[in-house]
1. Residue by residue through segment 47-64, what is 3J(HN,Hα) from phi via Karplus (6.51 cos²θ - 1.76 cosθ + 1.60, θ = phi - 60°)? Round to whole Hz and write x for glycine and proline.
2. Mean residue ellipticity at 222 nm from the helices of the chain, using -39,500 (n - 2.57) per DSSP H segment of n ≥ 4 over the full residue count, to the nearest 500 deg cm²/dmol?
3. Using the Cα atoms of the chain to build a convex hull, what is its mean projected area in square nanometres?
Amino acid sequence: MSYDYDDQNIFAKILRGEIPNNTVLETDHTLAFRDLYPQAPTHVLVIPKGSYVSFDHFASEASEAEIVDYTRAIAEVCRMEGVSLTAGDGFRMISNAGADGVQEVPHLHVHILGGRPMGRMVAKAD
Ligand code: DGP
């Protein structure tokens, strides 16, 4: 079975410049921008420019250049935002996938959250 990518998702539109974003960092293969509905003092979304639905899709099919670029960009965002362990007090990184992961936007993104203690890792489902 292959991964199904919907190119009408909101982050695909951001990548095509069809809707605006508040960019934090752009590299060859990666875009980082502020979440529209921040849940912490730092809340940045980091996405690959390639068409990947989820982290497992990216990890299995992206090129090594994309994977290196994406991983390094995440570290750079943490440093720039002052939440890395070299520059601050830490962060939480979340990547939701699919229905059980409660993923709203079907383009791979990691949330970088910081600037306050994040509390428990996972809330109990109802
Ligand atoms: P997730 O549930 O992991 O798929 O989170 C999607 C996140 O995307 C959510 O925190 C809100 C954010 N978001 C949704 N639409 C937009 C948008 O148009 N611009 C930005 N910057 N963020 C958005």
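No value in this document is a laboratory result; all are computed from the given coordinates. Note that the structure is predicted; figures quoted are calculated from it, not measured.
1. Result, rounded to whole Hz: 10, x, 6, x, 8, 10, 6, 8, 5, 5, 4, 4, 5, 8, 10, 6, 6, 4.
2. Roughly -7000 deg cm²/dmol at 222 nm, from the helical runs in the chain.
3. Computed as one quarter of the Cα hull surface, the answer is 8.5 nm².
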